[in-house]
Amino acid sequence: MRTRIKLTRAGEAFQGRLTATQTDMMCEALSTLDGWASTDEILVVQLGADREEVRRLYDRLQGDHKTSREFTLTARELHVIHAAITAIAPMFLSNSGFSEEAFYIRTGFFRENFDAMASSIVSAVSEATAP
């Protein structure tokens, strides 16, 4: 899976092309956390966004899931995506440790893909904002 993304400045936001698989992963993280959170407060703690904002972002990322598409995302939206990608793994912890199998079955991705995507988002913003 390709996790590397490139972003450029677009005013106060960032613009870049995301593959269908990348947006699928982002949507999976957002929808999983939205489904598991019993209150808006839990989502705010985890993602810095309430259920309405999470669903709005999810809807923006949804697509045909077959082609790459251009997106313009604010720093806040990138934060919510990054937080969702990093917050999902602890949901699969138990007394016996992390369940890679349960994680993969639920998300359709390996944890290392989520970790690489989270790192890529930070690197892309860093490169886009470097002097």
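To keep it simple, each residue is scored yes or no on (1) open to solvent by less than 70 Å² (accessible area, probe 1.4 Å); (2) closer than 26 Å to THR129 by Cβ.
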{"site": "ARG4", "(1), (2)": "no, yes"}
{"site": "ALA13", "(1), (2)": "yes, yes"}
{"site": "THR23", "(1), (2)": "yes, yes"}
{"site": "LEU30", "(1), (2)": "yes, yes"}
{"site": "ASP34", "(1), (2)": "yes, no"}
{"site": "VAL54", "(1), (2)": "yes, yes"}
{"site": "ARG60", "(1), (2)": "no, yes"}
{"site": "LEU73", "(1), (2)": "yes, yes"}
{"site": "LEU78", "(1), (2)": "yes, yes"}
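Quick one: in segment 112-131, which of the residues that are over 14 Å from ALA84 (Cβ atoms) and among the charged types (D, E, K, R) is farthest from the chain's Cα centre (by Cα)? So, considering only residues that are over 14 Å from ALA84 (Cβ atoms) and among the charged types (D, E, K, R), the one farthest from the chain's Cα centre (by Cα) is GLU127.
Residues that are among the hydrophobic types (A, V, I, L, M, F, W, C), surrounded by fewer than 18 Cβ atoms within 10 Å (Cβ to Cβ), in contact with a helix residue (DSSP H, G or I) (Cβ under 9 Å, 6 or more places away or on another chain) and part of a helix (DSSP H, G or I) within segment 90-131 comprise MET91, ALA102, VAL122, listed in sequence order. Here ALA83 does not qualify as assigned to a helix (DSSP H, G or I), in contact with a His (Cβ under 6 Å, 6 or more places away or on another chain) and closer than 19 Å to LEU43 by Cα.
Checking the condition touching a residue at least 60 places away in the same chain (Cβ under 8 Å), among the acidic types (Asp, Glu) and in contact with a helix residue (DSSP H, G or I) (Cβ under 6 Å, 6 or more places away or on another chain), which residue from GLU12, GLU28 passes?
Numbers: GLU12 fails: in contact with a helix residue (DSSP H, G or I) (Cβ under 6 Å, 6 or more places away or on another chain).
Of GLU12, GLU28, the one residue that is touching a residue at least 60 places away in the same chain (Cβ under 8 Å), among the acidic types (Asp, Glu) and in contact with a helix residue (DSSP H, G or I) (Cβ under 6 Å, 6 or more places away or on another chain) is GLU28.
The values are calculated or read from the model by the stated rules, or taken from the named source; none is laboratory data. Values in this document were obtained by computation on a predicted structure and should not be read as measured data. Glycine also receives a Cβ, built like all others from the backbone with ideal geometry; neighbour counts cover every protein chain displayed. Surface accessibility is based on the protein's heavy atoms, side chains included, excluding ligands, DNA and RNA. Shrake-Rupley method; radii C 1.70, N 1.55, O 1.52, S 1.80 Å.
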